[in-house]
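Here the structure comes first, spelled out in C-alpha cells, and everything after it is commentary.
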Amino acid sequence: QKKDGETPPPPHHEETSHETFHTVEIGGLPVKYTATAGRMILSEEEGKKKASFFFVSYTRGGVKDKSKRPIVFAFNGGPGSSSVWLHLGLLGPRRVLLDDNGMPYPPPGELVDNEHSILDVADLVFIDPVGTGFSRAIPGEEAKDYHHFKKDIEAVGEFVRVYLTRHQRWSSPKYLAGESYGTTRSAGLAGHLYARHGMTFNGLMLISSILNFQTAGFDLSTGTFRRGNDLPYVVFLPTYAATAWYHGKLGSRDQQRPLRELLDEVEQFAGGDYALALFQGDALPPDKFKKIARKVARYTGLSETYVSRYDLRIEILRFCKELLREDGRTVGRIDSRYVGIDRFSDGDAFESDPSMDDTMGAYTSALNAYVRSELEYESDLPYEILSSETWQKWEYEDFKNAYVDVSETLRSTMTRTKFMKVFVANGYFDLATPYFATAYTFNHLGLDESLRDNIRMEYYDAGHMMYVHIPSLQRLAADLREFIANS
C-alpha cells in the first residue's frame, strides 16, 4: 500500500527516465559517469504506441566531442533473456560478485564495482527486448508480434535508430554486443539497419556465438539432436573432451596434458575420422566402428559400451548426465564446470542445469535491488530475467523447414560495409554454443580473403558466460578494449 503522498510508478506505456551520477575505478583511474534507467516507447509513424523498451545507459562524464566516443548497444539472447548477464557480468560498471571461478556465495547476492568494465573506452546502452526485463507490448497490442525472428530485429533496430537520433550519436563509432541468441540478433540487426537506414557499425562483439543453428541442431524438448544431422556430434566432441578433462575423467595420459594440446588432437579426430565414420552410417565396417568407439570413449570419459550403445552419437543432455553418473552428479550445459545433484541417477537428462541454478539467483537479486536503489528507477512490474514463455513461443517463420542461419547475412554485411570488424569470444566449457561449432560456422562464411582479417577469434577457460570466471573476465575485457581501439 502506498504511503500518503507517495507517487505510484508511471504505467509502462508512458516514457520515463531517471539519471544518477557515479564514479567507478577502471585500470586504477576514476571514471565519472551518468547512469540512465528509462523506458522508450516505440510508435508507428502516425503515432500509435506499439511497445515499451526498458534500457539502462552509461555515458562517461566530461566528454566534449561525442563523435569520437564509441557507443555499444548490448543485449543477451534466449530468445527471452534480459540483458542482465552482459550488464552485470561483463560490460557495465557494476558486477555480480562470484568467487574467482564463477561459483556463487550464499544468497541474496552482492554487487561490486566492475574494475574491468569497458566504460572507460565506450558508452554503453543495455537493451531488454519486448517480453524481457521491464519491456512490454503496449496494452492492446500482441506481445507475440515481437517474439519473432524478423520482428524482434526490426523492433530492436528501431530502438537503436531512435536512441541515436535523440541523443545525437549518429556520428559516434557504433558497436553491437550480443551473447548467445543475441549474436544471432546482432548479425541480423547489422544487416537490417544497413539495408533499411544505411547505418554502419564499426564492430560486432559476439559472445558465445550461434549464427547457424545446424551446428546445434538440438531439440530441448527431447534432449536429442534432430535425426539426419550429424554435424552437431562432430562440433560438440571437443567440448565433451574439455569437460571430461576438467572433471578428471580422462585416462592418465590425456589428463596430464595441457588442455589446448589435447583439444588440437580431438579437433583433428572430430573433423576427420569421426566425421567420416558418421557419414558412412551403417556402411561403417564393424572393426572401424569399434576403433572409433574406443577413441570417442577415450576423449569423452564415457565407457566404450555407452558410446557403442548410442551408435557413436552422444547427445548433450545424455553427456551431462552420464559423465559423473557414478559420482551421483551432473554437469552444466551453459558451463560444464558446474556440478549439480539429481534425485535419481538413472535417466538420460539432468533435472536442471546446475550452471544456471548457481548463477540465476545472484543475478536476479542483484538486478532487482540495483535498478531500484542505485539507479532509482521505479516499476511494480516483475523484471523478467529469463522468460521461458517468450522462448517457447518464439516464431521462426522465415526459416520454415530449414535451420535458422544468419551467417550469410553477416557475410553480406561485412562485404558491403568493408570496415566492420567482428570479435568472437568462445568458452572451452560451453555446451550451449560450443567453440568448435562457432569455428565451423566462420570457416564456412565464404568471406572474401581480403576481409578475413576483420574477424578475431578468442578462447577462454570457462563456459557460455565466460566472464563469471575472473581470469577470463580480465582477458576478455582487455581483448574488447583492444578490439574497440583497432576498429
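Worth pointing out:
- Scan region 193-220 for residues that are over 19 Å from VAL404 (Cβ atoms), among the hydroxyl-bearing types (Ser, Thr, Tyr) and either modelled with pLDDT under 95 or not in a loop (DSSP other than H, G, I, E, B) (or both) and the total you get is 1.
- Filtered residues of region 63-78 (kept if in a loop (DSSP other than H, G, I, E, B), surrounded by fewer than 24 Cβ atoms within 10 Å (Cβ to Cβ) and on the phi < 0 side of the Ramachandran plot): VAL63, LYS64, ASP65, ARG69, PRO70
- Count of residues meeting criterion [assigned to a helix (DSSP H, G or I), charged (D, E, K, R) and touching a residue at least 12 places away in the same chain (Cβ under 8 Å)] in region 157-182: 2
- Top-ranked residue in region 31-62 [being in a loop (DSSP other than H, G, I, E, B) and without any contact (Cβ under 8 Å) to a residue 40 or more places away in the chain; ranked as farthest from LEU381 (Cα to Cα)]: GLY62
- Region 344-387: number of residues that are open to solvent by less than 10 Å² (accessible area, probe 1.4 Å) and in a helix (DSSP H, G or I): 8
- Within region 4-25, being modelled with pLDDT of 95 or more and either under 16 Å from HIS87 (Cβ atoms) or small (Gly, Ala, Ser) (or both) holds for THR20, HIS22, VAL24.
- Positions within region 99-125 being open to solvent by less than 10 Å² (accessible area, probe 1.4 Å) and either in contact with a Ser or Thr (Cβ under 7 Å, 6 or more places away or on another chain) or closer than 20 Å to VAL63 by Cβ (or both), in sequence order: ASN114, SER117, ILE118, LEU119, ALA122, ASP123, LEU124, VAL125
- Some residue of region 126-135 being open to solvent by 20 Å² or more (accessible area, probe 1.4 Å) and out of contact with any Gly (no Cβ under 9 Å at 6 or more places or on another chain): no
- Whether a residue is part of a helix (DSSP H, G or I) and open to solvent by less than 60 Å² (accessible area, probe 1.4 Å) was assessed, and ASN426 does not pass this test.
Table: residues versus (1) among the β-branched types (Val, Ile, Thr); (2) part of a helix (DSSP H, G or I); (3) open to solvent by 40 Å² or more (accessible area, probe 1.4 Å).
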position	(1), (2), (3)
LYS291	no, yes, yes
ARG294	no, yes, yes
TYR306	no, yes, no
LEU312	no, no, no
PHE319	no, yes, no
SER336	no, no, no
ASP342	no, no, no
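- Filtering region 92-112 to residues that are in contact with a His (Cβ under 9 Å, 6 or more places away or on another chain) and over 12 Å from VAL468 (Cα atoms) leaves PRO93, ARG94.
The values are calculated or read from the model by the stated rules, or taken from the named source; none is laboratory data. Every value quoted in this text rests on a predicted model; they were computed, and no experiment measured them. Positions of Cβ are backbone-derived with ideal geometry, glycine not excepted, and every protein chain shown enters the neighbour counts. Protein only, heavy atoms only, side chains kept; ligands, DNA and RNA dropped before computing areas. Shrake-Rupley method; radii C 1.70, N 1.55, O 1.52, S 1.80 Å.
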